[in-house]
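J.: Provided herewith is a single structure, encoded as structure tokens, for subsequent inquiry.
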Amino acid sequence: MGNAPLTRSRSRAVGPGDHEFLMDIEKTEAAVNAPRRKFGIWLATALVVGNIIGSAIFMLPASLAPFGWNAVSAWLATVAGALCLAWVFAELSRGLSDAGGSYGFMRLALGESAAFLGAWGYLVSVWSANAAITIAGVSYLTRLVPPLAALPSAAPLVALVGIWLLTWINLRGARAAGGVQLVSSIVKLLPFVAVIGLAVWRLFASRGSVLPPVHAGSFTFAGTSGALGLTLYAMLGLESAAVPADAVENPARIVPIATMVGTGLSAIVSIIATCAVALMLPADAVVASKAPISDFIAVSWGSVAGWFVALCAVVSCFGCLNGWLLIGGELPASMAGAGALPRWFGVRNAAGAPAQSILLGSVITTLLTMMAYTKTGVAAYNFAALLSTATNLVLYLFCALAVVCFMRDGRVPLSRALVLCAAGSLVFVAWAFYGSGWEALAWGAVLIGAGWPLYVIARRVSARPVSDVRRHEG
């Protein structure tokens, strides 16, 4: 995941009462710059896979079922675009390892304002993804607790409880959040293995007859475009594949390999798991299902197996929510340290957690979740997923433009492969914007625009002497 550099603005005067703030910043920088154990190729690749594969795989079959074989063509386009973007991020990370991640790439190439819009759009994407993850987790929970499905207000209420319980855990610090993340990361792998194994067995046992027939109208541009925004949502996180070069052994070789292999493996797992369920079960049944992966397993292995998969899905979804709530707090705190947001966003509690940023993120996640629940069934999940995709695309667009700028001025080596990947990334991002739909784009524009006043305030404050700021705040 892209991150903002933890550096403070040095353009302002330092007053005598500002030493405590500066000491906190120096401690943060010392922790970030402390010697770390280098990543080898296996750990770097595992990091890529773990960051990409999340909760989308559990609900995406229901979203893709109406598109039929267009889901496959959308996946093929998404994989091609994702690999192009992954290569762009890998080359940016290798060529500008000291830039400070995606925020630094955008700032150096396009300026402070564009960097803020890209980073804020990414933050809105995180909040929207949290809403989609929450909806997915609650949807699978209804399989374990059927009465929840019978009460219209039950699902939103459980969603609120889940969001704020995990918010409380994150407020206790990274150690508590990390414990939850470790357990959920192990559990989430189990359904993937089961679904892929069952899909392969059913495909060979039926000699392909379990799949719907392919005909001339199976693939259309409109159908592929409609599915594209959803399939890309499942690949969000590929930007975190570009591990900073100073944390990797032999980065010139390992970063590109780990990025491309990890993205490719994640794509294979996602394609098989989602398309198998969407195509091997009746489309009407999948669309109506609140737990499509669980239902797919239950058809062949019984209700107990389906119940177990649902349990794994719930743990996985809320584990993902836990991790993204943490990131949704840390990112604005880092942006505040860089002077792109008011200092308020970077204030930490006694446990070291950016409490105010976490709370704000949870409030916005709650609002987006409740907004999504004004729709019914899988439409609620689709709204949150497409909103997350649309806002994340701003960062992808700016980073693709950044690599073009860096190739022109020589900061990134010019190569035919990178030129093709940059061009492919720009075409893919434009197509994905179109596939996200006007509703998601309109809401995304509103939410990204809402952050602009915060940026203006932060830049004005950072331009003043600290003594004037303290007098104004007092």
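The values are calculated or read from the model by the stated rules, or taken from the named source; none is laboratory data. All values derive from a computational prediction rather than experimental measurement. Virtual Cβ from ideal backbone geometry, glycine too; neighbours counted across all protein chains shown. For the accessible areas, the whole protein counts, side chains as well, though only heavy atoms, and no ligand, DNA or RNA atoms are used. Shrake-Rupley method; radii C 1.70, N 1.55, O 1.52, S 1.80 Å.
J.: If you check residue 393 against the conditions, is it crowded, with 20+ Cβ neighbours inside 10 Å, more than 20 Å from residue 171 (Cα to Cα), over 14 Å from the mean Cα position of the chain (by Cα) and not small (Gly, Ala, Ser)?
T.: On the way: crowded, with 20+ Cβ neighbours inside 10 Å: yes; more than 20 Å from residue 171 (Cα to Cα): yes; over 14 Å from the mean Cα position of the chain (by Cα): no; not small (Gly, Ala, Ser): yes.
For residue 393, the condition - crowded, with 20+ Cβ neighbours inside 10 Å, more than 20 Å from residue 171 (Cα to Cα), over 14 Å from the mean Cα position of the chain (by Cα) and not small (Gly, Ala, Ser) - is not met.
J.: Moving to a separate point now. Would you be able to tell me the number of residues in the range 139-148 that are in contact (Cβ under 8 Å) with a residue 24 or more places away in the chain and open to solvent by 60 Å² or more (accessible area, probe 1.4 Å)? Quick ask: steps written out before the conclusion?
T.: Taking the range 139-148 as the starting set, the residues that turn out to be in contact (Cβ under 8 Å) with a residue 24 or more places away in the chain are 139-144.
If we keep only those that are open to solvent by 60 Å² or more (accessible area, probe 1.4 Å) as well, we get 143.
Total meeting the criteria: 1.
J.: For the range 289-304, which residues satisfy the criterion of being in a helix (DSSP H, G or I) and open to solvent by 80 Å² or more (accessible area, probe 1.4 Å)?
T.: Of the residues in the range 289-304, the ones in a helix (DSSP H, G or I) are 292-301, 303-304.
299, 301, 303, 304 - these are the residues of the range 289-304 that are in a helix (DSSP H, G or I) and open to solvent by 80 Å² or more (accessible area, probe 1.4 Å).
J.: Do we have any residue at all in the range 374-391 that's closer than 30 Å to residue 96 by Cα, touching an Asp or Glu at 6+ places or on another chain (Cβ under 8 Å) and among the small types (Gly, Ala, Ser)?
T.: The answer is no; no qualifying residue exists.
J.: May I pose another question? Tell me which residues, restricted to the range 129-165, are of a type in the set (S, T, N, Q) and touching a Cys at 6+ places or on another chain (Cβ under 8 Å).
T.: Initial filter on the range 129-165 (of a type in the set (S, T, N, Q)): 130, 134, 139, 142, 153.
Hit for the range 129-165 is 134, nothing else.
J.: Going by the conditions given, is residue 385 assigned to a helix (DSSP H, G or I), small (Gly, Ala, Ser) and open to solvent by 10 Å² or more (accessible area, probe 1.4 Å)?
T.: No: the conditions fail for residue 385.
J.: Same structure, new question: From the set of residues in the range 365-380 that are at pLDDT 90 or above and assigned to a helix (DSSP H, G or I), which is nearest to the chain's Cα centre (by Cα)? If you could, list the steps in order and put the result at the bottom.
T.: So in the range 365-380, the residues at pLDDT 90 or above come out as 365-373.
Those left that are additionally assigned to a helix (DSSP H, G or I): 365-372.
Values: 365: 14, 366: 17, 367: 18, 368: 16, 369: 16, 370: 20, 371: 20, 372: 18 Å.
Checking each candidate, the answer is 365.
J.: Restricting attention to the range 398-416, and to residues there that are among the aliphatic types (A, V, I, L, M) and surrounded by fewer than 20 Cβ atoms within 10 Å (Cβ to Cβ), which single residue is nearest to the chain's Cα centre (by Cα)? Show your work before the answer.
T.: Residues of the range 398-416 that are among the aliphatic types (A, V, I, L, M), as a first pass: 400-404, 407, 412, 414.
Cutting the leftovers down to surrounded by fewer than 20 Cβ atoms within 10 Å (Cβ to Cβ) gives us 404, 407, 414.
Values: 404: 24, 407: 27, 414: 29 Å.
Checked the range 398-416; the qualifying residue nearest to the chain's Cα centre (by Cα) is 404.
J.: Can I ask one more? Which of the residues spanning the range 324-340 are in contact (Cβ under 8 Å) with a residue 40 or more places away in the chain and either touching a Lys or Arg at 6+ places or on another chain (Cβ under 9 Å) or outside any helix (DSSP H, G or I) (or both)?
T.: 336, 337, 338, 339, 340
J.: Let me ask you something else. Exactly one of these conditions fails for residue 432: (1) out of contact with any His (no Cβ under 9 Å at 6 or more places or on another chain); (2) at pLDDT below 90; (3) of a type outside the set (S, T, N, Q). Give me its number.
T.: Exception for residue 432: condition (2).
J.: So, one more: Take the conditions at pLDDT 75 or above, open to solvent by less than 50 Å² (accessible area, probe 1.4 Å), part of a helix (DSSP H, G or I) and among the polar types (S, T, N, Q) and apply them to residue 240. Does it pass? Even if it seems obvious, please write down each step before you answer.
T.: Numbers: at pLDDT 75 or above: no; open to solvent by less than 50 Å² (accessible area, probe 1.4 Å): yes; part of a helix (DSSP H, G or I): yes; among the polar types (S, T, N, Q): yes.
It is false that residue 240 is at pLDDT 75 or above, open to solvent by less than 50 Å² (accessible area, probe 1.4 Å), part of a helix (DSSP H, G or I) and among the polar types (S, T, N, Q).
J.: So if I check each of 99, 62, 44, which one is closer than 30 Å to residue 224 by Cα and at pLDDT 50 or above?
T.: Numbers: 99 fails: closer than 30 Å to residue 224 by Cα; 44 fails: closer than 30 Å to residue 224 by Cα.
Going through 99, 62, 44 in turn, the sole match is 62.
J.: Among the numbered conditions (1) over 20 Å from residue 433 (Cα atoms); (2) under 23 Å from the mean Cα position of the chain (by Cα), tell me where residue 147 comes up short.
T.: Just one mismatch for residue 147, condition (2).
J.: Picking from 362, 334, 425, 357, which residue would you name as being at pLDDT 95 or above and open to solvent by less than 30 Å² (accessible area, probe 1.4 Å)?
T.: Working: 362 fails: at pLDDT 95 or above; 334 fails: at pLDDT 95 or above; 357 fails: at pLDDT 95 or above.
Sole residue among the options that is at pLDDT 95 or above and open to solvent by less than 30 Å² (accessible area, probe 1.4 Å): 425.
J.: Taking the range 316-330 on its own, how many of its residues are under 15 Å from residue 171 (Cα atoms) and open to solvent by 10 Å² or more (accessible area, probe 1.4 Å)? Steps first, answer last, please.
T.: Filtering the range 316-330 down to residues under 15 Å from residue 171 (Cα atoms) leaves 321-330.
Narrowing further to those that are open to solvent by 10 Å² or more (accessible area, probe 1.4 Å): 323-324, 326-327, 330.
Within the range 316-330, residues that are under 15 Å from residue 171 (Cα atoms) and open to solvent by 10 Å² or more (accessible area, probe 1.4 Å) number 5.
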